[in-house]
Structures are given as C-alpha cells and as structure tokens.
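The values are calculated or read from the model by the stated rules, or taken from the named source; none is laboratory data. Bear in mind the structure is a predicted one, so any value in this text is a computation, not a measurement. Side chains are part of the model used for accessible areas, which takes the heavy atoms of the whole protein and leaves out ligands, DNA and RNA. Shrake-Rupley method; radii C 1.70, N 1.55, O 1.52, S 1.80 Å.
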Amino acid sequence: MSDVEDEGHSTPIQTPGQLIVVVLAAFIVPVVVLSLIGRFAVESSVDPNSPAFSEEAVAKRLHPVGKLVIAGDSTQPQAQTGEGAVVATAPPATASAAPVAEDPGEKAKRIYTASCAACHATGAAGAPKLGDNAAWAPRIKTGTETLYTSALKGKNAMPPKGGNAGLSDDDVKAVVDYMVSQSK
C-alpha cells in the first residue's frame, strides 16, 4: 500500500481507549448541559412565596370536578351544586313528622326510568319497548315467574337486574309488573 491511501483514511481516534472516551463524552456532555439548563430554568421561574403555591390554591386545583352517583343508590332527591358535584339532599327532619311511604307504582316507574328505560324505551339490543303490546304478548304468555327470573338473572343482552345490582328482588319484580301493566 502506498502512503497516499493511508492518509485518506486517517482518523483522530487511533486506539480503542480513545473510542471509549469519545462515546462516553457523547452521552455525558449533552446530559450535563441539559440538566444545567433545566435547573437554571426551574430555579429562575419558580417563586416559592407565590400565592399559586398556597395551600388554598393547591387544594382548589386538586378539588374534584364532580362526583359519580349511580341511579338507585339513594332514594332521596338529588340536587346538583354549581361545581358539578351531585349531592343528596333530604328534607329537614322534625320530631312530629311521620315518614311518608312512597307509592309503589311511582317507585317502580322511577326505577324503570333510571335503570330500564335506556333499553326498553328505545328497543336497544332487542329489548321489547314499553307499551309495545305485540312484543310483550309472547313474553307475558310465558308467565310472571318467567319474567321475574329473566329480569333477576338476566337474559340475552340484558344483565341481571337490568344492570342495577343495588336493586332488591322485590323492586325488580315491581318494575316487571309496571312494565307488563303498561304493555297489555
């Protein structure tokens, strides 16, 4: 080989030790530079005495936007606050006030609206619509106990208790009776 060919392929890194130093420097130098820039940016822009870091300001930023309330969890009327949270409200209690029993028909209708209407008002997933006599007639012919069993244990796309596991068996049966009465 000639000297001309050797000069064309020369490099400043001649030994494996030099290569290791260059590779390490290629990783370490940018990391150090970026961390120094980051430290400078954070230290120069954060004022620990700022009102944004007060306990009240932090608590306000971390306050939940809303509260999940599942229909049927409470039999009391609901009121929505301005911040999006749904809070159960109860009438003021008095010593002479006797508990007022809810009309069973109204309770069944309320439960139907909260738990069953999503499918039975629209016919979603093959659910018979409330008041559709033709769709309900064959089901009614199977008997009330069969309808109760289907509602309690689920059938096809309908989950047990219509997806509201918090309902008592008696409530589910009352809703079935309500739906049947509306579909005869």
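Here the accessible area is traced with a 1.4 Å probe on the protein chains. For the range 128-184, carbon and sulfur cover 51 percent of it. Dimensions of the range 112-168 along the principal axes, based on C-alpha atoms and rounded to the nearest Å, stand at 30, 24, 18, largest first. Length gained on full extension, I140 to A117: 6.4 nm, using 0.36 nm per residue less the C-alpha separation. Residues in the range 153-159 carry Karplus couplings, in order, of 9, x, 7, 6, 7, 7, x Hz; the curve used is 6.51 cos²θ - 1.76 cosθ + 1.60 with θ = phi - 60°, and Gly or Pro positions show x.
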